[in-house]
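Contents: one structure, followed by commentary.
The values are calculated or read from the model by the stated rules, or taken from the named source; none is laboratory data. Everything quoted here is computed from the prediction, not taken from an experiment. Reconstructed Cβ throughout: ideal geometry from the backbone, glycine too, with neighbour counts over all protein chains shown.
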Amino acid sequence: MTTATLLETPFHAMHLQHHAKMTDFAGWDMPLHFGSILDEHRWTRTSAGFFDVSHMGRIKFTGRHARRFLDRICTRGILGMTKGAVRYGLVLNEQGGCRDDILVYCLEEDEYLMVCNASNRLKLLQHFAANKGDLVFKMDDQTTSTAMVALQGPKVMDLVSTMSREIPTLKRYRFVEKSLMVVKLLVSRTGYTGEDGVEIILGAGMAKLALGMLLKDMGAATSVIKPCGLGARDTLRMEAGMPLYGHEIDESVDPLTAGLNFAVKMDKGAGDEREVRFIGQDALEKIAKAGLKQKLVGLKLQGRRSARQGMNVIASGSGGDRIVGRVTSGCLSPTLDMPIAMAIVDIDIAETMPALMVDLGRERAEAHVYPLPFHNPTKPGKSAT
C-alpha cells in the first residue's frame, strides 16, 4: 500500500529550516508549529506573525458572465463590487448548508479571484462545473501556481510602512496590486486572527525569493516577525470568534445558525438586472421564516480543562438536566488564560444566557454564554463593501 505524496507550498524548505513540526492538512504538508503554539500565539498578539496559507484554494473567474455566475453560487452580492474590493461570503448546498466560506476579490468588472478552504477546493470545483449552465466564463484553479501568506499582528503595519505608503492606508476588506522588482503582489487587509495585518498573493515561482527580500531577518532574535503554524492560527481565530469549516460550519449547518447573517444577501439584483437567486436560497428563506432553532455562541468555562468539538452543552432546571447544544471548537485561551469555546445551542439558551455545563467526560465544567468575539483589539467590524 502506497502513501499519497503530500503537496508542498513554495515555503516548505523554509519551514524545515526553521525547525517546523509538519503535519498533513487537507493533503498538504504544513507547519503545525515552530516549537510552541503558545509562544507563536502570544507573539502574534504582541508583534507580528508570518503564516503560510498557500494551501488555501485560489480560483480565478474571468469572462462576460463571471459576475453572474458568482452571484448564483455565492450568498453575498457580487454585483456592485468595485475593483479593489473583497467580500466574505458562503457557498451553500440546496438544503442551505455551508459547502464552504470564501473570499471574493474583484480584480476587474469581469475578473474575480476566490479564496476557499483547502479541504473544499476540489469539491467546489466540481460544484462550479456542475452549475455553470450556459453562462460564458473561464475558471482557472491557480492554487499550485501561486502562493499566499498572512502577516498578522500589531506591528505588521509599521513593518509594511517601510516598504509601501499605500498598503497601510488600505481599509478593511480592500486590496491593492503592487510590484516588487519584477514580482506582482496582490495585498489585501482581511485577517483571521483578530489582529491587524495583510495577506499577500504572488506567483509560486518567485514567492520564496520575494518574501525573502521583504522578510530577510524573519525569526532572528531581533526580528519583529516570526514564523507561526496552523496551531496558533487556530487558537487565534477562536479568540477572534472566526468560524472554521468542519467546526462552526459544514454542510449540515446553515449560515444563519452560525451567526453569519451579514454574509447573506437575499435580495440580489438592481436596476435592469434580473433577480439573482443563489443556490440554497429557497431553503435558507424557509429556515428564516420558520425561525432559528439553534445559534452559535461563545462560552467561557470555569477551571483549566478545555472543551473539545462534539462535547455536550447541558442546562439544568426544575425538570432535570437536558442537552441544549454541542461544542464546535474549544481551547485554553492564551490571551485570557482561561478555557473558551464556541458552541451551537438551542435558541432559548442563546437568548436567555443562563449558566450552563459542558460535559468534559469524567467531569463537568461550568460555562457562561459570552458574546463573540472573545478578543478584538482592532474592532474592525463587518465589511462595509
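Against the list (1) under 23 Å from Gly197 (Cβ atoms); (2) assigned to a helix (DSSP H, G or I), the condition Arg67 fails is (1). Just one of the listed residues (Arg172, Arg165) is within 19 Å of the chain's Cα centre (by Cα) and assigned to a loop (DSSP other than H, G, I, E, B), and it is Arg172. Would you check if there is a residue in the stretch 261-280 being crowded, with 18+ Cβ neighbours inside 10 Å and within 14 Å of the chain's Cα centre (by Cα)? Checked the stretch 261-280: at least one residue is crowded, with 18+ Cβ neighbours inside 10 Å and within 14 Å of the chain's Cα centre (by Cα).
Check the stretch 121-136 and report whether any residue there is in contact with a strand residue (DSSP E or B) (Cβ under 8 Å, 6 or more places away or on another chain), at pLDDT 95 or above, over 26 Å from Leu70 (Cβ atoms) and not basic (Lys, Arg). Scanning the stretch 121-136 turns up no residue that is in contact with a strand residue (DSSP E or B) (Cβ under 8 Å, 6 or more places away or on another chain), at pLDDT 95 or above, over 26 Å from Leu70 (Cβ atoms) and not basic (Lys, Arg).
Beta carbons closer than 6 Å, at least 6 apart along the sequence or on distinct chains, pair a first residue in the stretch 320-342 that is outside the structural domain of Arg45 (by TED's automatic domain parsing) with a second that is among the aliphatic types (A, V, I, L, M) and at pLDDT below 95 for Arg322/Ala315; Val324/Ala315; Val324/Ile349. Of everything in the stretch 345-380, what is within 25 Å of the chain's Cα centre (by Cα), under 23 Å from Asp254 (Cβ atoms) and either at pLDDT 95 or above or not in a strand (DSSP E or B) (or both)? Give them in sequence order. Within the stretch 345-380, Val345, Asp346, Ile347, Ala350, Pro371, Leu372, Pro373 qualify. Could you please tell me which pairs satisfy a Cβ distance under 6 Å, a separation of 6+ or placement on different chains, a first residue in the stretch 111-127 that is within 23 Å of Arg233 (Cα to Cα), and a second residue that is in a strand (DSSP E or B) and among the small types (Gly, Ala, Ser)? Every condition considered, the pairs that remain are Cys116/Gly57; Arg121/Gly57. Is it the case that the stretch 40-48 has a residue that's part of a strand (DSSP E or B) and crowded, with 22+ Cβ neighbours inside 10 Å? Among the residues of the stretch 40-48, at least one is part of a strand (DSSP E or B) and crowded, with 22+ Cβ neighbours inside 10 Å, which makes the answer yes. Mind checking which residues of the stretch 148-189 are touching a Pro at 6+ places or on another chain (Cβ under 7 Å) and either in the same structural domain as Ser119 (by TED's automatic domain parsing) or of a type in the set (Ser, Thr, Tyr) (or both)? Matches in the stretch 148-189: Ser161 only.
Inside the stretch 50-64, can you point out the residues that are part of a loop (DSSP other than H, G, I, E, B), over 30 Å from Ala220 (Cβ atoms) and of a type outside the set (Lys, Arg)?
Answer for the stretch 50-64, where residues must be part of a loop (DSSP other than H, G, I, E, B), over 30 Å from Ala220 (Cβ atoms) and of a type outside the set (Lys, Arg): just Gly63.
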